[in-house]
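Trainee: Let me begin by handing over the structure; questions about it come next.
The values are calculated or read from the model by the stated rules, or taken from the named source; none is laboratory data. This one's a predicted model, so the numbers in the text were calculated from it and none came from an experiment. Here the Cβ is made from the backbone with ideal geometry for all residues, glycine too, and neighbour counts use every protein chain on show. In case anyone asks, the SASA skips ligands and DNA or RNA and just uses the protein heavy atoms, side chains included. Shrake-Rupley method; radii C 1.70, N 1.55, O 1.52, S 1.80 Å.
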Amino acid sequence: GTNDYRFNPIMDLKNQHRKTAITYIQFNGSAEYELFKGIRLKVSVVYTTDNRRGETFNNSKTRYGYPGSTNGVNATLTTSERRTWLNENTINFNKDLGLGHKINGVVGMSLHESGYKSNSNTFNQIPNESLGMTGMTEGLPGLADASRLEWSKMSYYGRLNYDYKSKYYLTATVRSDGSSKMAKGNKWRTFPSLAGAWTFSEESFMENIRPVMSNAKLRLGWGGTGNDRTDEYASYAILEKLNATKGNYTTQNGISHGVYPIGNDVNKVGVVPTTLPNKKLKWEKTTQTNVGVDLTFFDERINLTADWYNKTTLDLLLLATLPLSSGYGQANKNVGKVRNRGLEFTVNTTNVRTKDFTWSTNFNISFNKNTVLALNEDI
């Protein structure tokens, strides 16, 4: 453009008009009711609203609006609105079965939805700059933009914990999540998990060692989690509007697109797909196995924790780059498979502990190996 960046920067800053107004409201509420003894129902709601209004005005004494600049005196008004709400409904239960057996758990469902919309309008060559933003509509219409995005998620889940004499622990969890971002037929995915622990320091064969090792626990776990963090309409083809101007091309993601007029009418508008649809898009999934041990020595003076893990992630969500010969620059895909394995060690010690002085130290070290098991759908 013809904007001159050598324009007096002090005068430019003094005359620029930049104003943003933000209204942010968040509401949290919950209610809990005991249905039966040891069984409680809880309903919670979180609602947030974020409204923004942005004003930009460049008069004739700014580098973007001085006489001879690309757009002359110009103004832009932008408004946006985001609404998000989350509803969770759970039933918790806690039961002592006697003889050292205890169980507790939770079943529930959640609903989550978010919507966003924005509008932006620019006017150039504004004749009466003394009116500021009020006189913007007297100028020539420039760039206008509007967008609207929505997504929603629904989940069902349950967890059961079992405890026997504070020595044996077992936890089983399952959840099923559905996301509007995924393709039809792949919107839902289920993620189970199972974990257990054994406090072997409570066993009779450890009785003579307890003065030295006061607590010892072995932990095992396996489970899966999911990820749907991608664009709201990632499974669809995105269409972009193009004006039918003869000989005019618009470049999207490195690809040039042209819409040609019919006859001599150059006011027609066309659309062009800038991304490919993916009717197989699904949840990204991570499966992890953990083995750990916790040891406590000399009345909690020394605490040792060691963990080994093996985590595999597949169907990674990626806005993948395509060869330009395809006619498209990018596409949302589930690609690749990676594995992370590692060891983690932590040692906490209390070297000195008196009424007036405590000296403690902490040491940790980890070893991790990342391996790419697959790069795309075929390799």
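Trainee: Out of (1) surrounded by fewer than 16 Cβ atoms within 10 Å (Cβ to Cβ); (2) at pLDDT below 90; (3) of a type in the set (A, V, I, L, M), the odd one out for Leu276 is which?
Mentor: In the conditions (1) surrounded by fewer than 16 Cβ atoms within 10 Å (Cβ to Cβ); (2) at pLDDT below 90; (3) of a type in the set (A, V, I, L, M), Leu276 misses (1) alone.
Trainee: OK, next. Just to check your reading of the model, which residue among Asn370, Asn340, Asn351 is over 30 Å from Leu239 (Cβ atoms) and open to solvent by 80 Å² or more (accessible area, probe 1.4 Å)?
Mentor: Numbers: Asn340 fails: open to solvent by 80 Å² or more (accessible area, probe 1.4 Å); Asn351 fails: open to solvent by 80 Å² or more (accessible area, probe 1.4 Å).
After applying the criteria, what remains is Asn370.
Trainee: Quickly run through segment 152-190 and pick out the residues that are closer than 30 Å to Gly98 by Cβ, part of a strand (DSSP E or B) and touching a residue at least 60 places away in the same chain (Cβ under 8 Å).
Mentor: Tyr162, Asp163, Tyr164, listed by residue number.
Trainee: Okay, moving on. Can you pull out the residues in segment 152-170 that are open to solvent by less than 40 Å² (accessible area, probe 1.4 Å) and modelled with pLDDT of 95 or more?
Mentor: Of everything in segment 152-170, those that are open to solvent by less than 40 Å² (accessible area, probe 1.4 Å) and modelled with pLDDT of 95 or more turn out to be Ser155, Gly158, Asn161, Asp163.
Trainee: What tally of residues in segment 197-229 results from selecting those that are over 30 Å from Asn334 (Cα atoms) and touching a Lys or Arg at 6+ places or on another chain (Cβ under 8 Å)?
Mentor: 7
Trainee: If Leu319 satisfies all but one of (1) under 27 Å from the mean Cα position of the chain (by Cα); (2) surrounded by fewer than 18 Cβ atoms within 10 Å (Cβ to Cβ); (3) modelled with pLDDT of 95 or more, what's the number of the condition it fails?
Mentor: It is condition (3) that Leu319 fails.
Trainee: Within segment 326-355, can you find the residues that are within 34 Å of the chain's Cα centre (by Cα), of a type in the set (A, V, I, L, M) and more than 17 Å from Lys280 (Cβ to Cβ)?
Mentor: Correct list: Val338, Leu343, Val347.
Trainee: Taking Lys42, is it surrounded by fewer than 14 Cβ atoms within 10 Å (Cβ to Cβ) and of a type in the set (Lys, Arg)?
Mentor: Here the answer is no, as Lys42 does not meet what is asked.
Trainee: Can you pull out the residues in segment 322-337 that are surrounded by 15 or more Cβ atoms within 10 Å (Cβ to Cβ) and either touching a helix residue (DSSP H, G or I) at 6+ places or on another chain (Cβ under 7 Å) or among the hydroxyl-bearing types (Ser, Thr, Tyr) (or both)?
Mentor: The answer is Tyr328, and nothing else.
Trainee: Within segment 116-135, is there a residue that is in a strand (DSSP E or B), in contact with a Gly (Cβ under 8 Å, 6 or more places away or on another chain) and small (Gly, Ala, Ser)?
Mentor: Scanning segment 116-135 turns up no residue that is in a strand (DSSP E or B), in contact with a Gly (Cβ under 8 Å, 6 or more places away or on another chain) and small (Gly, Ala, Ser).
Trainee: Among (1) over 28 Å from Ser30 (Cβ atoms); (2) over 21 Å from the mean Cα position of the chain (by Cα), where does Arg148 come up short?
Mentor: The single condition Arg148 does not satisfy is (2).
Trainee: State which residue is least open to solvent (accessible area, probe 1.4 Å) when the search covers only segment 18-38 and only residues that are out of contact with any Lys or Arg (no Cβ under 9 Å at 6 or more places or on another chain) and modelled with pLDDT under 95.
Mentor: Checking each candidate, the answer is Leu35.
Trainee: Could you say whether any residue in segment 82-93 is modelled with pLDDT of 90 or more and either in a loop (DSSP other than H, G, I, E, B) or of a type in the set (Gly, Ala, Ser) (or both)? Walk me through it before giving the result.
Mentor: At the first step, the residues of segment 82-93 found to be modelled with pLDDT of 90 or more are 82-93.
Next cut, either in a loop (DSSP other than H, G, I, E, B) or of a type in the set (Gly, Ala, Ser) (or both) only: none.
Within segment 82-93, none of the residues are modelled with pLDDT of 90 or more and either in a loop (DSSP other than H, G, I, E, B) or of a type in the set (Gly, Ala, Ser) (or both).
Condition check ((1) under 19 Å from Gly135 (Cα atoms); (2) among the polar types (S, T, N, Q); (3) open to solvent by less than 60 Å² (accessible area, probe 1.4 Å)) across all residues:
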| position | (1), (2), (3) |
| --- | --- |
| Arg6 | no, no, no |
| Asp12 | no, no, yes |
| Gln16 | yes, yes, yes |
| Thr48 | no, yes, yes |
| Arg53 | yes, no, no |
| Thr56 | yes, yes, yes |
| Arg63 | no, no, no |
| Gly72 | yes, no, yes |
| Thr84 | no, yes, yes |
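Trainee: To continue, here is another question. If you go through segment 186-209 one residue at a time, how many are modelled with pLDDT of 95 or more and open to solvent by 60 Å² or more (accessible area, probe 1.4 Å)?
Mentor: 5
Trainee: Next up: Looking only at segment 136-151, count every residue that is assigned to a helix (DSSP H, G or I) and crowded, with 16+ Cβ neighbours inside 10 Å and tell me the total.
Mentor: Residues of segment 136-151 assigned to a helix (DSSP H, G or I): 136-138.
Next cut, crowded, with 16+ Cβ neighbours inside 10 Å only: 136.
Selection size over segment 136-151: 1.
Trainee: Looking at segment 107-135 only, could you name the residues that are more than 25 Å from the chain's Cα centre (by Cα) and either farther than 30 Å from Lys241 by Cα or open to solvent by 60 Å² or more (accessible area, probe 1.4 Å) (or both)?
Mentor: Scanning segment 107-135 gives Asn121, Gln125, Pro127, Asn128, Glu129, Ser130, Leu131, Gly132, Thr134.
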